[in-house]
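Visitor: Handing you a structure now.
The values are calculated or read from the model by the stated rules, or taken from the named source; none is laboratory data. Just so we're clear, the structure is a prediction, and the values are computed from it rather than from any experiment. Positions of Cβ are generated from backbone atoms using ideal geometry, with glycine treated the same way; all protein chains shown enter the neighbour counts. SASA here: full protein model, heavy atoms, side chains in, ligands and nucleic acids out. Shrake-Rupley method; radii C 1.70, N 1.55, O 1.52, S 1.80 Å.
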Amino acid sequence: MMFFKHTYSTETLIERCKAADRKAQELLYKQFAAKMLAVCMRYTAHRAEAEDMLQVGFIKVFQKLEHYRGEGSFEGWMRRIMVHTSIEHYRKYHKNMQIVDIEESGYEQSVNPIAAANLEAKDLLLLIQQLPDGYRMVFNLYAIEGYSHREIAEIAGITEGASKSQLSRARTMLKQKIEQQEGKPYEYAG
């Protein structure tokens, strides 16, 4: 077995991981674990659950590494696996997701951009983690990962209308939480 220093490139580590080199797997894990844990944390309110998602995600990364063709960034490829792993975990362990179709929800409200700008990223993550499970999943997929409502509907097994509704309600709840944190209501002038 070859001894690796932390100075090996990601490409070298990937090739060694494809050859089932345990040390390379460990180094690759150490290189990306913190960033990928942050991805998983967006889909749950509990660190232990996010760590479980991370472990399962890395197992999938190592199992699917032969399919990585080097097109696009490796980190982006890995992030996609972590997102899908988090969604699978969610489906398996959170079966009581509240789904409301867009026709049943109210109109969409905006978040105060000034109040939101005053929040640090860690504060915003904590607010997102306080959202109900279904709202949090749709919000993350739409607002952070950039999926369309059609894609979210396919991924989550819900209708497009339900995806839109979940996003609307997530935004409304975030708006309320931001206003509570900032201590003043926001009047949208748009």
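Visitor: Does segment 141-170 hold any residues that are touching a helix residue (DSSP H, G or I) at 6+ places or on another chain (Cβ under 8 Å), open to solvent by 60 Å² or more (accessible area, probe 1.4 Å) and either modelled with pLDDT under 90 or assigned to a helix (DSSP H, G or I) (or both), and which are they?
Guide: Answer for segment 141-170, where residues must be touching a helix residue (DSSP H, G or I) at 6+ places or on another chain (Cβ under 8 Å), open to solvent by 60 Å² or more (accessible area, probe 1.4 Å) and either modelled with pLDDT under 90 or assigned to a helix (DSSP H, G or I) (or both): Tyr142, Arg150, Glu151, Gly157, Glu160, Lys164, Arg169.
Visitor: Look at Ala116 and say whether it is over 16 Å from the mean Cα position of the chain (by Cα) and either among the charged types (D, E, K, R) or modelled with pLDDT under 85 (or both).
Guide: Yes; evaluated as a whole, the condition is true for this residue.
Visitor: Answer yes or no: is there a residue in segment 66-77 that is touching a residue at least 40 places away in the same chain (Cβ under 8 Å) and within 18 Å of Tyr135 (Cα to Cα).
Guide: no
Visitor: Taking into account only those residues within segment 85-105 that are in a helix (DSSP H, G or I) and either open to solvent by less than 100 Å² (accessible area, probe 1.4 Å) or polar (S, T, N, Q) (or both), which is modelled with the lowest pLDDT?
Guide: So, considering only residues that are in a helix (DSSP H, G or I) and either open to solvent by less than 100 Å² (accessible area, probe 1.4 Å) or polar (S, T, N, Q) (or both), the one modelled with the lowest pLDDT is Ile102.
Visitor: With the requirement that a residue be in contact with a Lys or Arg (Cβ under 9 Å, 6 or more places away or on another chain) and open to solvent by 30 Å² or more (accessible area, probe 1.4 Å), what does segment 43-61 give you?
Guide: Selection gives Ala45 alone.
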